[in-house]
Amino acid sequence: MDYNKIFNVMLLVFSIIGCNDVNYDKDIEIIRFEKQFYSSDEKQLDDLIEKYPYLFPDQFPKSTWVNKINDPLEIDFYKNSLIEFKGYDFNSKKLKVIFNNAKSILPNFNTPKIITLISKSDFNDRIIYNGPYLFISLNLYFGSNYYENIPKYISKNMNKTFIPNDIAFKISERYIKRKDDRTLLSNMILFGKILYLNKLLNSDEKEYVIFNTTTKKMNWTNENEFEIWSYFVENEYFFNTDIDLRSRFMSLSPYSKFNLDIDKKSPGAIGRWLGYKIVNSYMKNNKTDLKELINLDHYTIFNKSKYKPFK
């Protein structure tokens, strides 16, 4: 059974669910769906299908869910989740701060209901946010040592300490619209806006967590800000449409590809960080509110940012 196909259908269902079932209490409402699902017998499964119809797309027969309950790999994931998340506080102060900040600065934001589950989705879909609901795939947060066959630059972030910031990022990503522009600069400013908002929501988070790297590489990046900026300027990369540049500087990777000896000292996706620096400089040097920033074109942000690091 192709559970990835099922999960993709579930995501489509999530994206069209209305916003009537939203919690306004001080505590965040948490549904530990995986506990209910993997401990169910056939009768209890019927009750779950009736209780959470949006988690059981109609086009899949009940036998699909029975097979899923008995899938050995998913059972192992579930058992490990009981160990890894024993005592984990989904109502943490950090998460409440993120949601409270979002309510303060984002239009029509309401605290979502959090639903935890086990899924065979990929790394990029470990958090799904659609407005009224926020889904967390617990099996993608077991700690880097659990994922022996996944590259270290990815697995280092598959730790439950990253959950709050991943949530802040997904919320930010939903509010920033992509532009139909193939230049590297457009892609940099897109992520710059997302990370700027991410940092507003999760203002006390460590910088290396927000930029998905390590403390050592984050320090190297800050220390070499002038050189990084100069490299992009001298090579005239900003308005270049070569798709290879996105792979070298925007994609998650073990390091960015300057094609220099210093490559391995750098974090991956350094173009996202540089996009953030440009957006942050723009906001410091212009009287613009967040709503205007979200809709502002990358060319204006770049030209009016006055971003120019000093050596």
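Observations, loosely collected:
- Amide hydrogen neighbours beyond the local backbone of Asn159, cut-off 5 Å, H modeled: Gly143
- Of the chymotrypsin sites (Phe, Trp or Tyr not before Pro) in segment 273-311, those whose Cβ has at most 16 other Cβ within 10 Å and which sit in DSSP loop: Phe310
- In a simple Cβ point-charge model (Lys, Arg +1; Asp, Glu -1; nothing else charged), the chain has a dipole of about 1040 debye relative to its Cα centre.
- Rounded to the nearest 10 degrees, the angle from helix 72-84 to the longest Cα principal axis of the chain is 70 degrees.
- Dipole axis of the chain (+1 Lys, Arg; -1 Asp, Glu on Cβ), positive-most option in Leu252, Tyr54, Leu117: Leu252
- Here is how the number arises for the chain: DSSP H runs of 4 or more residues each give -39500 (n - 2.57), the sum is divided by the residue count, and the result at 222 nm is -15000 deg cm²/dmol.
- Axis angle, to the nearest 10 degrees, between helix 42-51 and the longest C-alpha principal axis of the chain: 50 degrees.
- If you take the Cα centroid of segment 80-109 and the Cα centroid of segment 133-151, the two points sit 17 Å apart.
- Mean accessible surface per residue for segment 34-173, computed with a 1.4 Å probe while every protein chain stays in place, in Å²: 46
- Apportionment of accessible area to carbon and sulfur, segment 210-311, percent (1.4 Å): 49
- Note on the chain: antiparallel DSSP beta bridges, both residues inside, total approximately 35 percent of the bridges counted.
- Extension gain, Lys103-Asn70: 0.36 nm per intervening residue step, less the Cα-Cα distance, totals 7.8 nm.
- Full-stretch length increase - Lys291, Ser92 - with 0.36 nm per residue and alpha-carbon distance subtracted: 68.8 nm
- Among 181-193, 120-132, the peptide with the highest mean count of other Cβ atoms within 10 Å heads the list, and the full ranking is 181-193, 120-132.
- The mean sequence distance of close C-alpha pairs (under 8 Å, at least 6 residues apart), as a share of the length of segment 77-189, puts its relative contact order at 21 percent.
- Placing unit charges on the Cβ atoms of the charged side chains and taking the dipole of the chain about its Cα centre, the candidate lying farthest along the positive direction among Ser281, Ala269, Gln36 is Ser281.
- The phi torsions of segment 197-202, fed into the Karplus equation with coefficients 6.51, -1.76 and 1.60 and a -60° offset, translate into couplings of 5, 3, 6, 5, 6, 10 Hz, rounded to whole numbers, with Gly and Pro shown as x.
- Taking every C-alpha pair closer than 8 Å and separated by at least 6 residues, the mean separation divided by the residue count of segment 184-308 gives a relative contact order of 35 percent.
- Relative contact order, percent, the chain [alpha-carbon distance under 8 Å, six or more residues apart]: 16
- Cα-centred dipole magnitude for segment 71-117, charges only on beta-carbon of K, R (+1) and D, E (-1), debye, nearest 20: 440
- Between Glu207 and Tyr146, full extension at 0.36 nm per residue minus the direct alpha carbon distance yields a gain of 19.5 nm.
- Using alpha-carbon coordinates, inclination of helix 163-175 to the longest axis of the chain, degrees: 70
The values are calculated or read from the model by the stated rules, or taken from the named source; none is laboratory data. Fair warning: this is a prediction, and the values are worked out from it, not measured in the lab. Cβ atoms come from the backbone with ideal geometry, glycine included; neighbour counts cover every protein chain shown. Surface accessibility is based on the protein's heavy atoms, side chains included, excluding ligands, DNA and RNA. Shrake-Rupley method; radii C 1.70, N 1.55, O 1.52, S 1.80 Å.
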